[in-house]
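Following: one structure in structure tokens, then a few remarks.
The values are calculated or read from the model by the stated rules, or taken from the named source; none is laboratory data. These numbers were taken from a predicted model, which means no experiment stands behind them. Neighbour counts run over all protein chains shown; Cβ positions are idealised from the backbone, glycine included.
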Amino acid sequence: MPAPHLQSYKNRAAKHSNPAARALLRCMEAKKSNLAVSVDVTTTKDFFDIIEAVAPYVCLIKTHVDILEDWNPGVTTRLQHLSREHNFLIFEDRKFADIGNTVALQYSSGLYKISSWAHIVNAHPVPGPSIITGLASVGMKLQEERGLLLLAEMSTKGALTIGSYTVEAVRMAREHRDFVIGFIAQHRMESIGLSGTDDVVDEDFLILAPGVGLDSKGDAMGQQYRTPTEVVTQCGCDVIIVGRGIIGIGRDIDAEKVKEQARRYQTAGWEAYEKRIVTNQLLGE
Ligand code: 5BU
């Protein structure tokens, strides 16, 4: 069986055991989009103006709900409605990082009740496997599509998510493949932590890569950007996560410009994926 990154999203959707991963892969195939837009703005007006502009072009909307200054419970109700109307999933980039009991409460409760509306969340592996147990105790009980990504590699200059840290993140994920659907990372992870004699593991982790830009190499605060070709074709990642490359860096949101950029990144991301798949077919896989 060819490695997951050499198979089509469609084939992977048919085989994946986690409902959230299946839904995401299906949506990617249906919309011909491996684009996630990161809606990092502080007002709900800008938040929904952007989502409505990019909705036709994305498979996933990535949120940081805690930066919205005028957040109210209606925000997540409307977000869920748009998710169904336009066929995209919701990923709250919460980066949980505490003991199991605390993350279970942060995921299920408080102002945001994240587990009630976010299909996907993420967590730092730093506390060890108990962080997965804690989050799974909430997410796996819901009769909804829910999945977790571990942060195996970050996009910033000097990130400590390297070497044995990344290896341990992958090991933790392999022990919890029912709930952990993949990684925030910059490369594929299949070969990580396996010795040459190990059997090839039948696993399909989704790789979602932030730090993607077509016009810039980074920002003044350590962010580093690579192109969709580098991320998807060369490094085998599945989803490109784009924030400022699409929403811009100015104060005012220009919905037409946002739409145009979303279309541009969708095309670039999909072409990079098709190149990867065609290479595979040429190799006769
Ligand atoms: P940008 O505007 O495309 O740089 O935004 C990137 C988004 O992805 C932003 O919301 C970050 O919080 C998020 N991110 C990241 O940039 N790098 C990482 O390693 C992780 C998340 Br994890």
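With respect to (1) in contact with a helix residue (DSSP H, G or I) (Cβ under 9 Å, 6 or more places away or on another chain); (2) more than 20 Å from Phe48 (Cα to Cα), the lone exception for Phe88 is condition (2). For region 205-221, a residue qualifies if it is more than 9 Å from the ligand (Cβ to nearest atom), within 21 Å of Leu25 (Cα to Cα) and assigned to a loop (DSSP other than H, G, I, E, B), and exactly one does: Phe205.
Within region 83-108, residues that are over 16 Å from Val138 (Cα atoms) have Cβ atoms under 8 Å from residues that are at pLDDT below 95 and of a type in the set (Phe, Trp, Tyr) in no pair, counting only partners at least 6 apart in sequence or on another chain. Scanning region 7-33 for residues that are surrounded by fewer than 16 Cβ atoms within 10 Å (Cβ to Cβ), in contact (Cβ under 8 Å) with a residue 24 or more places away in the chain and assigned to a helix (DSSP H, G or I) yields Lys15, Pro19, Ala30. Scanning region 172-194 for residues that are within 12 Å of Ile132 (Cα to Cα) and of a type outside the set (Phe, Trp, Tyr) returns Met172, Ala173, Arg174, Glu175, His176, Arg177, Asp178, Val180, Ile181. Of the listed requirements (1) of a type in the set (D, E, K, R); (2) in contact (Cβ under 8 Å) with a residue 40 or more places away in the chain; (3) within 11 Å of the ligand (Cβ to nearest atom), Glu168 misses just one: (3).
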